[in-house]
Amino acid sequence: MTKVFIPLVGQFTNVGDTLHRSVLIEWLKDDCELHLYIGQADESFISGLHVSGKFIFYRSLIFWYLKALFFSKKSVFFYNPGEITGSLKRFFKEIFLFPLLSTYKFNSRPALKVGVDIQYRSKFNDFLYSLTNYFTTYSFYRTESSFLRFGNGEVIPDLGFYRFDPTQLGDRNYICLSFRGDRNLFNDETLIALKDFSKEKKLKICVVVQVRMDNLSAMNLRDKFSDHGMKIETILWHDNVSHSDQEKEVNRLYKKAKLTISDRLHVLIAAANNGSIPICIAPYYSSKIENHFNVINFSRNVFKQKESIAETKALLELSLKRDNEISKRMIVAKNVLEERKMHIINMLNKV
């Protein structure tokens, strides 16, 4: 059985960070022995990864690193799936991997990037990343822009789209909202449009939290709607609620939602997985969300807030008619990911 080494660290209070990482684990668990570095992750985050099969968790980075070096002639290395930032902390992590990656390359062992996206814009960081690319056997990027900058691979849908369930049926009588806790909320015109539109369509509004730091924006939204005479349901992420339980709770609401509006990528992916139409309306334009949904050919779902209530209501009306379109796009995305899964498994079986 092939040994696979993966550093699985991320934002420990973010359902989205386990959503796509758990997919890669699911793909590999039946054919590989997984050696997973989890660092200081708590039990809540670990439960959200849904790890099964033959695996070993490592708290010590040094012990995991040395073991990866020791088995470098017989194993495969996978980069941590997700977004690669240009932070100083990430810079040192990339430097730290160089000796390990060079050993894998020297021993002709695969080092794979699956489900990665590069968000930063820096010539120095581009140079650094091009060095890691030299050691990488093949890359599966999740945006076209990342592939065009660095090559050596192909573009696939975000791994999170693999969780799409085409059997989602039943009545949908909600609009779900979820917004970052570190950004400004949308304007009053958008809020009034949502209030009026939900009443006209007989839909309830619910604010959900997929990232614990977003509790603040959820409470602010609740208060703003209350100021406009409307009570809404609010699903916060309390400290005593585990990662898996919060994931179940937000998915329960997405299954009831006709529309989900958010400025968080993996909120919209999780919502689409559960049959809700995903759109972004925010004070700023999110090219990140646009780039990821363009990969599955679902465009025109990202908007900067309008200054007119009527414009926003018209936008919501058009979005509400896209349920069949998003369903078709999600089916294709999941099929593409299933094909790439088999391709990766075949690669591993040949080493």
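Here, each number is a calculation from the coordinates, and none is a lab measurement. Keep in mind it's a predicted model, so treat the numbers as computed, not measured. Cβ coordinates were reconstructed from backbone atoms using ideal geometry, including for glycine residues, and neighbour counts include every protein chain displayed.
Only the Cβ atoms of Lys and Arg (+1) and of Asp and Glu (-1) were treated as charged; on that basis the dipole of the chain about its Cα centre amounts to roughly 620 debye. Converting phi to 3J(HN,Hα) with the Karplus coefficients 6.51, -1.76 and 1.60 and the offset θ = phi - 60°, segment 214-221 yields 7, 3, 4, 5, 5, 5, 5, 5 Hz in sequence order, with x at every glycine or proline. With all projection directions averaged, the alpha carbon convex hull of the chain covers 17.0 nm². Computed from phi, the 3J(HN,Hα) profile of segment 154-168 under the Karplus parametrisation 6.51, -1.76, 1.60 (θ = phi - 60°) reads 7, 9, 10, x, 3, 4, x, 5, 5, 7, 4, 10, x, 8, 4 Hz, with x in place of Gly and Pro. Only the Cβ atoms of Lys and Arg (+1) and of Asp and Glu (-1) were treated as charged; on that basis the dipole of segment 1-103 about its Cα centre amounts to roughly 400 debye.
Over all pairs of different C-alpha atoms in segment 163-331, the reciprocal of the mean inverse distance, the Kirkwood hydrodynamic radius, equals 15.8 Å. Using C-alpha pairs under 8 Å with a sequence gap of at least 6, the mean separation divided by the residue count of the chain gives a relative contact order of 17 percent.
Spatial offset of segment 278-329 relative to segment 174-245 amounts to 18 Å, using the alpha carbon center of each.
Using R0 = 35 Å, the C-beta based FRET efficiency linking residue 85 and residue 57 works out to 0.90. Each of 140, 98, 5, 127 has some number of other Cβ atoms within 10 Å of its Cβ, and from fewest to most they run 127, 98, 140, 5. Available extension along the chain between residue 30 and residue 252 is 77.1 nm, counting 0.36 nm per residue and deducting the alpha carbon span.
Amide H contacts of residue 234 (H built 1.01 Å from N, in plane; Pro and chain starts excluded): 207 sit under 5 Å, all sequence-distant by 5 or more or on other chains. For the cross-link pairs 224/334; 255/341; 231/306; 67/334, the ones whose C-alpha atoms lie over 29 Å apart are 224/334; 67/334. Approximating the spin labels as points 7 Å out from Cα along Cα→Cβ, the residue 123-to-residue 317 distance works out to 5.1 nm.
The length gained on full extension between residue 184 and residue 216, counted as 0.36 nm times the residue separation minus their Cα-Cα distance, comes to 10.4 nm. Backbone geometry of segment 344-350 corresponds, through the Karplus equation with coefficients 6.51, -1.76 and 1.60 at θ = phi - 60°, to 3J(HN,Hα) couplings of 5, 4, 5, 4, 5, 5, 8 Hz, x marking Gly and Pro.
Roughly what angle does helix 88-106 make with the longest principal axis of the chain, taking Cα atoms, 0 to 90 degrees, to the nearest 10? With rounding to tens, the tilt is 40 degrees.
Per-residue ellipticity at 222 nm from helix content only, as computed over the chain with -39500 (n - 2.57) for each DSSP H run of at least four residues, stands at -14500 deg cm²/dmol.
For segment 163-331, the Cβ-based charge dipole about the Cα centre amounts to some 420 debye (Lys, Arg positive; Asp, Glu negative; other atoms uncharged).
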